[in-house]
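Below is one structure, written out as structure tokens, with a few remarks after it.
The values are calculated or read from the model by the stated rules, or taken from the named source; none is laboratory data. The model shown is predicted, which means the values in this text are computed figures rather than measured ones. Here the Cβ positions follow ideal geometry from the backbone for every residue, glycine too, while neighbour counts run over all protein chains shown. Please note that ligands, DNA and RNA were not included when accessible areas were found on the heavy atoms of the full protein model with its side chains. Shrake-Rupley method; radii C 1.70, N 1.55, O 1.52, S 1.80 Å.
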Amino acid sequence: MDFRFAEEEERFREEVRAFLKKEVTEEFLMGLEDRGELDFSREFTKKLAEKGWLAMAWPKEYGGGGATMMEQLIFNEEIGYFQAPTGAHRQGINLIGPTIIAHGTEEQKRRHLRGITAGEVVWCQGFSEPNAGSDLASLQCRAVEEGDDYLITGQKVWTTNAHRADWCHLLARTDPEAPKHRGISYFLVDMKSPGITVRPLINMVAAHDFNEVFLDNVRVPKENMVGDKNQGWYVSQVTLAGERSQIGLPSSCKRTLEGLVEYVKETKRNGEPLAHNPIVRRKLAEMAVEIEVNRMIAYRVAWMQHKGLIPMVAAPASKLFGSELLQRLTGIGMEIMGLYGQLELGSKWAPLRGAMARMHMYSLGIAIAMGTNEIMRNILAIRGLGLPRA
Amino acid sequence: MDLGFTEEQEMLRTTARDFLEKECPKSLVKEMAEDEKGYTPELWRKMAELGWMGLAFPEEYGGMGMSFIDLAVLLEEMGRACLPGPFFSTVVLCGFTILEAGNEEQKREFLPKIANGDLILALALTEPSARYDPASIQIKAVPKGDDYLISGTKLFVENAHIADYIICVTRTKNGASPEEGITIFLVDGGSAGISTTLLKTIAGDKQCEVIFDNVRVPKKNMLGELNKGWGVVEKLLEKATAALCAQMVGGAQAALDMSIAYAKERVQFGRPIGSFQAIQHYCANMVTDVDGSKYVTYEAAWKVSNGLPATMEVSMAKAWVSEAYRRVTLLGHQIHGSIGFCMDHDMPLYFKRAKAAEPTFGDADWHREVVAKQLGL
Ligand SMILES: Cc1cc2nc3c(=O)[nH]c(=O)nc-3n(C[C@H](O)[C@H](O)[C@H](O)COP(=O)(O)OP(=O)(O)OC[C@H]3O[C@@H](n4cnc5c(N)ncnc54)[C@H](O)[C@@H]3O)c2cc1C
């Protein structure tokens, strides 16, 4: 056993850190905040692409950097720590790119991968529908053949960044007669296509991140189908090849904890720094322990992937632990701030610019997005532990 | 022993629920979160007509002479409805202070007006230290002729921006102990030298920063005795905390009801999500929290209502309800999936109120410390 990174890896971490320190400044983040685009910056994504870091773990033949899982882990850890915006490339790098690499035609690879690795094309994910959330395979959005095209009609919901995206990867039903998993196909849809209407959904943090997307006879050329017709479910399952540690959650939590430590050292209540309060100390120390535990779970995921093993338990466990840790940490942060914890951006009295309450609210969404924590637990129990299905 | 409500109390609950469902729909709640005043005079007037403002005041002061338990029933329904506006600050925080500490003349002057809905009041207690102990009262009131001059900053003062009067807890002397030297004044909200700034809070309630700059208050506006104000504040905090718990319990019950209804109606995998054991366990945890919260709150409110020592029970209630309400709304959100993460949905109203109520009048840790002291530790 050896818990140290290799020297080159440490050097790489230093390089990434130096870059992020320069780029992800307070000012930069405040600028995003003002634009209401907390997690979205095309410029920043572009800069990562220029550094060759965006698709660092993709195979070289597809414009990637051929980096190891451990290097990718280091990079993701630093991005998480700096709480840098990833919205403009997350879908492309983690989901659609690997899907095209695994199942796409040569033409699809030529056409789409470069835009992703260059950080130029923003993708959104049109999977969820009003009646197809956890039960994604029950989706109703229809794709009907017409000549060389498919006509897609239906409604998608919770589509993050649909209002900013150039392209959408979506699932639609191509055989309504077949059993639900076997009548779905996977499409690449240009968001500028006629017949697409994007309507904003404002989340509980009062931000416009996700949307409803209505498709009314949207014409999509047949060549935009990924994989075979009615194989969409299968295709969508193999988007999990990328780094799956979710290290960004504990590393972002680490940064938040450091902010809280500063806060309690600087903040006095009736003449006494909060940092002297044993309850505050215990809570923050507990959070430090949990963050370390989470970091180790996440490291193990990446290490297993590095070794060619499949982290059937560790990967869902990491997402679960991380999202719930974020909830606990930010909740405790609000508690420690007392009455101040409820203040939002825009109050001069708001500590850390109201970030704690905002992150706490966002944590509710993270426990639901990308498969709810209940579904994660089901997957962990059934696939990871081999327990029987209910 | 009788753990049930009386018929009148049940009727009060039904009337309140029906009235608030009709007059205070969630659309109004959301609108008021954005509104600067944070209440509508129409609803305020209608509530006054129902006698709610004076519900727990003696009849001789224009009230209905009902008990604190009755008020708790009403507050529970207000918590359920997420009622916006100055009821709590006017009636609970200020009305009771006047009733407790005011002289006969002050009670005759103010309480009937409160009962009639003619006055809006705010309690200026907390300061930037954001605590509820006597040492935190730093704002100065110094005598000058027939008046006192108040200077300093109060923070988290709900509804100060619309208040006709602000009850301000001040320091008039640096005594041997922090409890000594605290004096309460009834300050005309329109006095020169008061400036209020609304704070932006998650629950969209109307808390303010209030700066007093040599604000002149006539000596006759002193509530209670000079330098002896802390005893009044202590009693008030006990009542206010029990009252807040009642309101929180109502919110928690509503979040539970909503989640159960959704678990029955939302279908995934061809069956209602409420048929999944994970969701059933959530609901079971939630109802355990809500029921526990209710009866620990009722016990505290009953003691307050009957003038019995209630420090221990009130603190136990707040320590428990603060965390239970939070747990309930977190699980409620989890059950709702993405739809509950939307601004338009009602779940966030409860989640945000739960988080805002947690530190109000002391958080769970604060009250556990009170309990520890009561245990003789
Ligand atoms: C911030 C955010 C961003 C998102 N971005 C996107 C996006 O870009 N693209 C996209 O397609 N989708 C997106 N989603 C949607 C997300 O993937 C779905 O919301 C999620 O899959 C859950 O679906 P649902 O909301 O319909 O909840 P439901 O599936 O209705 O679930 C409701 C509750 O029932 C539980 N439940 C359901 N089935 C089971 C079961 N079998 N066992 C136990 N419990 C169960 C759930 O865990 C949950 O607690 C986003 C969601 C959020 C919050």
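Tabulated values for the structure
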item: Matching residues in region A:340-362 - criterion: being surrounded by fewer than 17 Cβ atoms within 10 Å (Cβ to Cβ) and under 26 Å from the mean Cα position of the chain (by Cα); result: A:345, A:353
item: Residue within region B:229-236 that is basic (Lys, Arg), assigned by TED's automatic domain parsing to the domain that holds residue B:126, modelled with pLDDT of 95 or more and on the phi < 0 side of the Ramachandran plot present; result: no
item: Pairs, first over 19 Å from residue B:44 (Cα atoms) in region B:105-123, second open to solvent by 30 Å² or more (accessible area, probe 1.4 Å), C-beta under 7 Å, six or more apart; result: B:107/B:99
item: Helices (runs of 4 or more DSSP H) fully within region A:3-74 counting 2 or more residues that are buried (at least 19 other Cβ atoms within 10 Å of the Cβ); result: A:7-23, A:42-50
item: Residues within region B:313-327 that are within 15 Å of residue B:302 (Cα to Cα) and open to solvent by 40 Å² or more (accessible area, probe 1.4 Å), tallied; result: 1
item: Output for region B:266-275, where each listed residue is under 21 Å from residue A:181 (Cα atoms), more than 7 Å from chain A (Cβ to nearest Cβ) and surrounded by 14 or more Cβ atoms within 10 Å (Cβ to Cβ); result: B:266, B:267, B:272, B:273
item: Residue list for region A:336-388, restricted to those being in contact with a helix residue (DSSP H, G or I) (Cβ under 6 Å, 6 or more places away or on another chain), more than 21 Å from residue A:83 (Cα to Cα) and within 15 Å of the ligand (Cβ to nearest atom); result: A:373, A:374, A:376, A:379, A:380, A:387
item: Every residue from region A:64-99 that is touching a Leu at 6+ places or on another chain (Cβ under 9 Å) and free of Cβ contacts under 8 Å to residues at least 24 places away in the same chain; result: A:65
item: Selected residue [more than 14 Å from chain B (Cβ to nearest Cβ), open to solvent by 20 Å² or more (accessible area, probe 1.4 Å) and more than 16 Å from the ligand (Cβ to nearest atom)] from A:182, A:164; result: A:182
item: Selected residue (criterion: least open to solvent (accessible area, probe 1.4 Å)) from residues of region A:363-372 that are in a helix (DSSP H, G or I) and more than 7 Å from chain B (Cβ to nearest Cβ); result: A:363
item: Matching strands (runs of 3 or more DSSP E) fully within region B:47-158 where at least 2 residues are of a type outside the set (S, T, N, Q), touching a Ser or Thr at 6+ places or on another chain (Cβ under 8 Å) and open to solvent by less than 40 Å² (accessible area, probe 1.4 Å); result: B:121-124, B:147-158
item: Counted residues, region B:287-304 - those being open to solvent by 40 Å² or more (accessible area, probe 1.4 Å) and of a type in the set (Ser, Thr, Tyr); result: 2
item: Only listed residue being modelled with pLDDT under 95 and either out of contact with any Cys (no Cβ under 7 Å at 6 or more places or on another chain) or in a helix (DSSP H, G or I) (or both), chosen from B:1, B:11, B:32; result: B:1
item: All positions within region A:121-141 that are within 9 Å of chain B (Cβ to nearest Cβ), under 12 Å from residue A:158 (Cβ atoms) and not in a loop (DSSP other than H, G, I, E, B); result: A:132
item: From the options B:290, B:328, residue that is within 14 Å of another protein chain (Cβ to nearest Cβ), under 16 Å from residue B:259 (Cβ atoms) and in contact (Cβ under 8 Å) with a residue 12 or more places away in the chain; result: B:328
item: From B:263, B:284, residue being open to solvent by less than 20 Å² (accessible area, probe 1.4 Å), in a helix (DSSP H, G or I) and within 16 Å of the ligand (Cβ to nearest atom); result: B:263
item: Only one of B:297, B:360, B:311, B:329 that is of a type in the set (Ser, Thr, Tyr), closer than 30 Å to residue B:123 by Cβ and within 16 Å of the ligand (Cβ to nearest atom); result: B:329
item: Test: residue in region A:238-253 that is β-branched (Val, Ile, Thr), more than 15 Å from the ligand (Cβ to nearest atom), farther than 30 Å from residue B:269 by Cα and under 18 Å from the mean Cα position of the chain (by Cα); result: yes
item: Residue list for region B:17-27, restricted to those being farther than 17 Å from residue B:347 by Cβ and either outside the structural domain of residue B:80 (by TED's automatic domain parsing) or surrounded by 12 or more Cβ atoms within 10 Å (Cβ to Cβ) (or both); result: B:17, B:19, B:20, B:21, B:23, B:24
item: Matching residues in region B:331-372 - criterion: being β-branched (Val, Ile, Thr) and either in contact (Cβ under 8 Å) with a residue 24 or more places away in the chain or facing another protein chain (nearest Cβ under 8 Å) (or both); result: B:335, B:360, B:370, B:371
item: Sole residue being without any contact (Cβ under 8 Å) to a residue 24 or more places away in the chain and either within 14 Å of chain A (Cβ to nearest Cβ) or touching a Leu at 6+ places or on another chain (Cβ under 9 Å) (or both), chosen from B:200, B:206; result: B:200
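Residues are listed down the side, and each one gets a yes or a no for (1) buried (at least 23 other Cβ atoms within 10 Å of the Cβ); (2) under 23 Å from residue A:259 (Cα atoms); (3) over 19 Å from the mean Cα position of the chain (by Cα):
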residue	(1), (2), (3)
A:292	no, yes, yes
A:295	no, yes, no
A:298	yes, yes, no
A:301	yes, no, no
A:306	no, no, yes
A:311	no, no, no
A:324	no, yes, no
A:327	no, yes, no
A:331	no, yes, yes
